[in-house]
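What follows draws every value from the coordinates through simple rules; no lab data is involved. Being a predicted model, the structure only gives us computed values, none of them experimental. All Cβ positions, glycine included, derive from the backbone under ideal geometry; neighbour counts span all protein chains shown.
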Amino acid sequence: MRLLLGFFVFSLSITMLSGADEELDERLKAVMLLFDKKHQELNVRIGQLEIENQKLSDAVEKLQVRNQSLIAENESLRKQLGLMPAKQIETASLAELETLPGVGPVIAQRIVDSRPYATTDDLLKVRGIGKTSIEILKPMIRVE
């Protein structure tokens with residue numbers, strides 16, 4: 001927006017000055033051509049960035065779909081092996097959290113109180129859960 005306003009003020013100034021002097025007119029035309037060229041270059045770069053942004057958005061979407069597929073595959077394998085399904089720590093109830101090894105009522109409440117979590121390693125912010133606990137719990141928990 002500021003670029004457009006600057007262009008408008010610049011164009012208005014040139015229009016007001018044109019015709020006053022031939023040499024000045026030529027210089028103003030050269031400046032306008034340079035300004036137009038830079039403006040076009042900026043538009044091309046903006047277009048390139050929009051394309052890159054779309055590609056990145058598409059890649060993120062594909063990764064999210066793949067992540068959901070892997071979560072489903074993990075759950076399926078856990079069922080086939082007779083393992084309990086991984087707990088989603090963002091939504092698990094206190095009772096569900098208490099079924100995890102080393103998690104009693106106090107730690108379960110702290111897990112709930114410390115939500116939200118971006119990764120399973122975020123459980124380190126819960127008092128009473130350390131790196132060893134995380135390594136034990138990782139196969140049994142997930143964050144979506």
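Would you please give the residues with an amide H less than 5 Å from that of Lys87, counting only those at least 5 places away or on a separate chain, with H modeled from the backbone geometry?
Those lying under 5 Å, H to H, from Lys87 are Ile141, Arg142.
Given points 7 Å out from each Cα along the Cα-Cβ axis, report the Arg45 to Glu22 separation in nanometres with one decimal.
3.8
Treating the beta-carbon of each Lys and Arg as +1 and of each Asp and Glu as -1, no other charges, what is the dipole magnitude of the range 87-142 about its Cα centre, to the nearest 20 debye?
Dipole magnitude for the range 87-142 comes out near 100 debye.
If you take the beta carbon distance between Lys37 and Asn67 as r and set R0 to 41 Å, what does 1/(1 + (r/R0)^6) give as a FRET efficiency, to the nearest 0.05? Provide the component values of the computation, followed by the final result.
On the way: r = 45 Å, r/R0 = 1.09.
My answer for the efficiency is 0.35.
Between Lys55 and Gln109, what's the calculated FRET efficiency when r is the beta-carbon distance and R0 is 41 Å? Round to 0.05.
0.40
How large is the charge dipole for the range 19-80, taken about the Cα centre, if only the Cβ atoms of Lys, Arg (+1) and Asp, Glu (-1) carry charge, to the nearest 20 debye?
Computed charge dipole of the range 19-80: roughly 740 debye.
Using +1 at the Cβ of each Lys and Arg and -1 at the Cβ of each Asp and Glu in the range 87-142, identify which of Leu97, Ile111, Leu124 lies farthest towards the dipole's positive end.
So the residue we want is Leu124.
Could I get the Rg over Rh figure for the range 19-80? Both from C-alpha atoms, Rh via Kirkwood, rounded to two places.
Ratio of gyration radius to Kirkwood radius for the range 19-80: 1.63.
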